[in-house]
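What follows is calculated from the coordinates using simple rules that are stated; it is not laboratory data. Quantities reported herein were computed from a predicted structural model and do not represent experimental measurements. In this analysis, Cβ positions are derived from the backbone assuming ideal geometry, glycine residues included, and neighbour counts consider all displayed protein chains.
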Ligand code: TYM
């Protein structure tokens, strides 16, 4: 048996290139080296109101995205978080170990509380504890995520250590895998902010389902830095460096080689080609996505089978946890 890997995406709003390049792309690559469990974190998505009918669609679309990206249900477990009640139960247990001050320090909570000031709900605050429960239930060794989840993962490790100290060795302390490139894809409209599902401006992101025309338009409008030269320099040319990162990851060409190819050429040529690179990647992806998304019976079958396998692991851990605590 290989070591276990766990990760998830919340099916809230759109799924963008940042989610793909920061997380899903590496999941596909790691599938052969680990026993992988990939969740659709619907409880996490609920921390921002989701209209029920759209929510149902988004949850199944998420499964179609995983499959279209190359997650293979024969190799990996794919399941919906809310299908397994152990996630909510372990969250409660971990809630008795986490300190309010620890959750108050979470930068994502602080950001979201500012942006969604009309709905600072308890779920938004408790979100990292639910994440810790997700991970710890599967005795996870590694968690591949984008940079923005780093702090949540540190809290997960703290909670696992705390539980082990109080009740005896139970949880594995998970390691975070954050790739150097693509871990923080920035907004196309503002290279100082990450590409974000909840961005108000649709020109912030490219979704995995954007049409070719829209991609061309979005890349054309993408903010660039002063000067003309195509160079990679995060400090002086943050916008261009972000575009170069996207180009490199989707074309599998090293940044150095791309920079060399564009010597003497300007931003306009580079942007036209970048749009092509994105379209060339997304077109076949979108065809696969449409096919999976049309076949709702197949999606439900994959998710049911995934839930059965995941439940077995999660319930075993929860039993052990309850026994250690002294619950009857
Ligand atoms: P979510 O749905 O916000 O993001 C999913 C994954 O995408 C990464 N990501 C990015 N990577 C690079 N550049 C960006 N601009 C960018 N934006 C997002 C995220 O880091 C993440 O890896 N709570 C989590 C889902 C979750 C989870 C878990 C993850 C639930 N339980 C357990 C790991 C382990 C979330 O909402 O991610």
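Bridges between two residues of the chain, per DSSP, are antiparallel at a rate of about 20%. Among 46, 186, 195, whose mean-square fluctuation peaks in a Gaussian network model of the chain (Cα, cutoff 10 Å)? Of the options given, 46 has the highest mean-square fluctuation.
Our helix-only sum for the chain, with -39,500 (n - 2.57) per DSSP H run of n ≥ 4 divided by its residues, gives a mean residue ellipticity at 222 nm of -17000 deg cm²/dmol.
Between region 207-236 and region 1-79, the C-alpha centres lie 26 angstrom from each other. Taking other C-beta atoms within 10 Å as the exposure proxy, 138, 205 rank 138, 205 from fewest upward.
Sorting 37, 166 by the number of Cβ atoms found within 10 Å of their own Cβ, with the fewest placed first, yields 166, 37.
By other beta-carbon atoms within 10 Å, ranking 27, 92 with the fewest at the front produces 92, 27.
When a/c reaches 1.5 or more, the comparison of a/b and b/c decides; with that in mind, is region 178-284 rounded, prolate or oblate per its Cα gyration tensor? Since a/c stays below 1.5, the shape of region 178-284 is classed as rounded. Taking packing as the residue-averaged number of other Cβ atoms within 10 angstrom, the listed peptides 118-131, 62-75 run from highest to lowest as 62-75, 118-131. The C-alpha atoms of the chain define a longest principal axis, and helix 238-251 lies at about 80 degrees to it.
Only Cα pairs under 8 Å and 6+ residues apart enter the sum, and on that basis the relative contact order of the chain stands at 23 percent.
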